[in-house]
Amino acid sequence: MSGELVTYRVEKGIAILEMNDPPANTYTYEMNRELDEAILNARFDDEVHVIVLRGAGEKFFSAGANIKMLSEVTPGFKYSFCLHANETLNRLEHTPKLVIAALNGHTVGGGMEIAMAADLRIAKRGAGKIGLPEVSLGVLPGTGGTQRLSRLIGKSKSIELMITGRLIEFEEAKELGIVNDIFEAEGYWEKVLEYAGQFVPPNKASKAVGRIKRSVQSGWEIPFESGLALERELQQQLFQSEDAKEGLNAYVTKRTPSFKGK
């Protein structure tokens, strides 16, 4: 199921999606189509419980949209490209499985927009910077950047970062709440997979993890009372799951639960 620009493989319940156009892994229409297909493959694969997204090579997670491509196409294509990219990232954000972005290098422009559509962002220490410098091109972060960054860190700080176009170290991004954690460079990828593995059965009830994600992501955009209704609906689904029965029984019998993701 791997494409030329986005490779896809599954290891121990973890779907690994790698943007594969080094060194910068720039985002093109073709890459977007392959990313969209890979997200759908992971979503509907019952053997996949967690999705990890990374960039090929050592320099970049992604440098964002391919500027040469954008400079050569019509305004109509540019609009279509942004629309399709938004749809892909929305699909990633609302897939009911945990998505982790492994920031193994510079994460810039559209690359940061991809990362923000993930649920968690784990950076590699000393591997690069992160930011939305689109203002220097006379445009704005047009694939969800203005909306997701402001929701992550608040209006004022997000405006400041976007209008200056400043790139920041991962450490500052962690302080701001953009990055969840920073792993040491040595053994970084192995640590990411180990981290992701804690959310895979039998360690964790992955269905519950996915429904928690869906309740937060979908509930964030609707009125509070509607969010509570969504929460109740998802909870009812989980009460009927094998994992809920296992978790409750394990608690009562004072043993460690062994989940199946069902």
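Within segment 49-60, is there a residue that is loosely packed, with under 13 Cβ neighbours inside 10 Å and not assigned by TED's automatic domain parsing to the domain that holds Lys213? Within segment 49-60, none of the residues are loosely packed, with under 13 Cβ neighbours inside 10 Å and not assigned by TED's automatic domain parsing to the domain that holds Lys213. A search for C-beta distances below 7 Å between a residue of segment 61-83 that is farther than 16 Å from Leu137 by Cα and any residue that is small (Gly, Ala, Ser), counting only pairs 6+ apart in sequence or on different chains, returns Phe61/Gly55; Phe61/Gly105; Phe61/Gly111; Phe61/Ala115; Ser62/Gly55; Ser62/Gly110; Ser62/Gly111. When segment 125-169 is limited to residues that are among the hydroxyl-bearing types (Ser, Thr, Tyr) and not in a loop (DSSP other than H, G, I, E, B), the one that is farthest from Trp220 (Cα to Cα) turns out to be Ser136.
Of Ser215, Ser241, all but one fail to be outside the structural domain of Glu47 (by TED's automatic domain parsing), in contact (Cβ under 8 Å) with a residue 24 or more places away in the chain and buried (at least 16 other Cβ atoms within 10 Å of the Cβ); the exception is Ser241.
Among the conditions (1) on the phi > 0 side of the Ramachandran plot; (2) at pLDDT below 95, Gly177 misses just one, which is (2).
Here Asp46 fits the description: over 15 Å from the mean Cα position of the chain (by Cα) and within 29 Å of Gln237 (Cα to Cα). Selection within segment 192-212: residues that are of a type in the set (D, E, K, R) and in contact (Cβ under 8 Å) with a residue 24 or more places away in the chain. The member of this set that is nearest to Leu248 (Cα to Cα) is Lys204. Exactly one residue out of Glu186, Glu194, Glu172 is at pLDDT 95 or above, over 18 Å from Ile114 (Cβ atoms), outside any helix (DSSP H, G or I) and charged (D, E, K, R): that is Glu186.
Here is a yes/no grid of residues against (1) under 19 Å from Ala117 (Cβ atoms); (2) of a type in the set (Gly, Ala, Ser); (3) more than 16 Å from the chain's Cα centre (by Cα):
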residue	(1), (2), (3)
Arg9	no, no, yes
Lys12	no, no, yes
Leu17	yes, no, no
Ala42	yes, yes, no
Val50	yes, no, no
Phe61	yes, no, no
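Surrounded by 13 or more Cβ atoms within 10 Å (Cβ to Cβ) and either outside the structural domain of Val52 (by TED's automatic domain parsing) or free of Cβ contacts under 8 Å to residues at least 12 places away in the same chain (or both), is that true of Arg121? In short, no. The helices (runs of 4 or more DSSP H) found wholly in segment 204-262 and carrying at least 1 residues that are more than 24 Å from the chain's Cα centre (by Cα) and charged (D, E, K, R) occupy 224-239, 242-252.
Listed by first and then second residue, the pairs with beta-carbon distance under 6 Å, at least 6 apart or on different chains, first residue in segment 176-191 and assigned by TED's automatic domain parsing to the domain that holds Gly131 and surrounded by fewer than 17 Cβ atoms within 10 Å (Cβ to Cβ), second in a loop (DSSP other than H, G, I, E, B) and charged (D, E, K, R), are Glu184/Arg125; Ala185/Arg125. Filtered by the rule that a residue be surrounded by fewer than 20 Cβ atoms within 10 Å (Cβ to Cβ) and outside any loop (DSSP other than H, G, I, E, B), segment 9-33 gives Arg9, Val10, Glu11, Tyr29, Glu30, Arg33.
The values are calculated or read from the model by the stated rules, or taken from the named source; none is laboratory data. Please read all numbers here as calculations on a predicted model, not as lab measurements. So basically every Cβ, Gly included, is an ideal-geometry build from the backbone, and we count neighbours across all protein chains shown.
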